[in-house]
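All of the numbers you see were taken from the coordinates with simple rules; none came from a lab. Keep in mind the model is a prediction, meaning the values are calculated, not measured. Neighbour counts run over all protein chains shown; Cβ positions are idealised from the backbone, glycine included.
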Amino acid sequence: MTLDMDMGRVRRELEGEGFFRWWIYREEVSSTMDLARQHAEAGAPEGLVVIASRQSTGRGRFGRRWQSPVGGLWFSLLLRPPIKPDRSGCIAVLSAVAVAQALRESYALPIKVKWPNDLILHQRKLGGILIELSTGGESIDWLIVGVGLNVNNPLPSRVRVPPISLREALGRDVELEECLIVVLRGLAHHYRGFLREGFEPIRERWQELSVLEDRISFDRGKERFEAQVKGLSESGKLIVEHAGRLEELVAEEVTLVQ
Ligand code: BTN
């Protein structure tokens with residue numbers, strides 16, 4: 001099966017953004033994260049986009065397998081944000097908000113976000129975002145935003161959260177090019193907004209889009225905890241009250257229980 005995406009059209013429509021400087025598209029890769037990383041380490045510029053029709057070993061958070069058959073949108077975007085590494089959580093949150101917002105506007109669907117990186121529709125998982133980065137002391141050398149969206153693909157089996165696709169939600173096939181264009185435009189817009197105005201506008205939008213209840217359970221290591229959600233910190237961490245103390249949860253350490 002070939003990559004049935006018209007990348008010429010995608011590039012033309014996004015030219016005006018002046019942000020996406022380099023495109024790589026393949027029929028199959030192990031993971032777009034791997035290819036993006038190789039290019040990041042070789043000095044590729046911010047704005048590199050790596051897209052694949054399918055991934056043989058797509059991955060999610062905590063190295064979980066991410067099933068990526070033809071029909072879905074699987075891509076990685078390289079950023080080199082001029083922020084301290086401990087604020088990388090902001091990029092995870094802004095990416096989820098950007099993708100949710102773009103899809104809400106384009107497909108009129110009530111898509112929500114679940115900290116730190118899930119895209120939720122009708123209480124099912126529409127997609128997820130994976131952040132990988134390399135730091136050099138006080139700065140970020142590269143940061144890759146990996147976006148996986150169930151669009152027209154068969155839904156994954158044996159997954160923690162029941163999945164949903166845009167096709168299922170809309171009752172029709174969705175043009176992958178169109179979907180990629182609106183999502184990338186949204187990411188560029190939110191990222192630039194963040195660099196210009198900081199995290200506050202994104203934090204406000206996150207609050208409106210978040211599906212988190214007041215009380216949550218989360219797993220850290222082998223232990224399960226109950227906590228009360230207090231909000232999002234300036235660095236994109238989830239502030240909770242737990243055992244009488246305020247604590248900031250780091251995305252890389254915890255999994256929220258459904
Ligand atoms: C999650 O929900 O755990 C995050 C899933 C992220 C999947 C995307 S698909 C494109 C990119 N390549 C990968 O191997 N993973 C991300």
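Have a look at 49, 161, 147 and tell me which one the Gaussian network model of the chain (Cα, springs below 10 Å) gives the largest fluctuation.
161
Can you give the net charge of the other residues whose Cβ lies under 11 Å from the Cβ of residue 220, counting K and R as +1 and D and E as -1?
After counting each charged neighbour, the total is -3.
Excluding residue 20 itself, what net charge comes from residues whose Cβ is under 15 Å from its Cβ, given Lys and Arg +1 and Asp and Glu -1?
+2
If the chain between residue 224 and residue 122 were fully stretched, how many nm would it gain, using 0.36 nm times the residue separation less the Cα-Cα distance?
That pair, residue 224 and residue 122, stretches by 34.1 nm at full extension.
Kindly provide the pair-distance distribution of the range 143-258 built from C-alpha pairs, with 10 Å bins from 0 and whole-percent values in order of increasing distance.
The calculated distribution, bin by bin, is 11, 31, 35, 22, 2.
Have a look at the DSSP beta bridges in the chain and tell me what percent are antiparallel, nearest 5.
The answer is about 85 percent antiparallel.
Once label points are set 7 Å from the Cα along Cα→Cβ at both residue 26 and residue 248, what is their separation, rounded to one decimal in nm?
Simple spin-label model gives 3.6 nm for this pair.
Taking θ as phi - 60°, what are the ³J(HN,Hα) couplings along the range 139-152 by the Karplus curve (6.51, -1.76, 1.60), each to the nearest whole Hz, with x for Gly and Pro?
10, 9, 7, 9, 9, 10, 9, x, 10, x, 10, 6, 10, 10
Taking the Cα atoms of the range 71-211, report the difference between the largest and smallest coordinate on each principal axis, in whole Å and largest first.
For the range 71-211, the Cα spread along each principal axis is 47, 28, 27 Å.
Please list the radius of gyration and Dmax for the chain, considering alpha-carbon atoms only, with Å as the unit.
17.5, 56
Hey, what do the phi angles of the range 4-14 turn into as Karplus ³J(HN,Hα) couplings, whole Hz, using 6.51/-1.76/1.60 and θ = phi - 60°, x for Gly and Pro?
8, 10, 8, 5, x, 5, 4, 5, 4, 5, 9
Excluding same-chain pairs closer than 8 in sequence, count the lysine pairs in the chain whose Cα atoms lie under 20 Å apart.
For the chain, the number of qualifying lysine pairs is 7.
Pick from 206, 23, 115 the residue whose mean-square fluctuation is largest in a GNM of the chain, springs joining Cα atoms under 10 Å.
23
Picking from 32, 57, 135, which is most flexible by a Gaussian network model of the chain using Cα springs under 10 Å?
Looking only at 32, 57, 135, the largest GNM fluctuation is found for 135.
Can you give the Rg/Rh ratio of the range 142-205, where Rg is from the C-alpha atoms and Rh is the Kirkwood radius?
Result for the range 142-205 is an Rg/Rh of 1.06.
Which stretch or stretches of the range 148-166 have amide N atoms under 15 Å from the point lying 7 Å from residue 62's Cα along the Cα→Cβ direction?
Taking a point 7 Å out along Cα→Cβ of residue 62, the residues of the range 148-166 whose backbone N falls under 15 Å are 159-162.
Does the range 40-153 come out rounded, prolate or oblate by the C-alpha gyration tensor, with a ≥ b ≥ c the root eigenvalues, rounded set by a/c under 1.5 and, if not, prolate when a/b is larger than b/c and oblate if not?
Taking the square roots of the gyration eigenvalues as a ≥ b ≥ c, the range 40-153 is prolate.
Please compute the Kirkwood hydrodynamic radius over the range 1-87, one decimal place, Å, based on all pairs of different Cα atoms.
With all distinct Cα pairs of the range 1-87 included, I get 13.9 Å.
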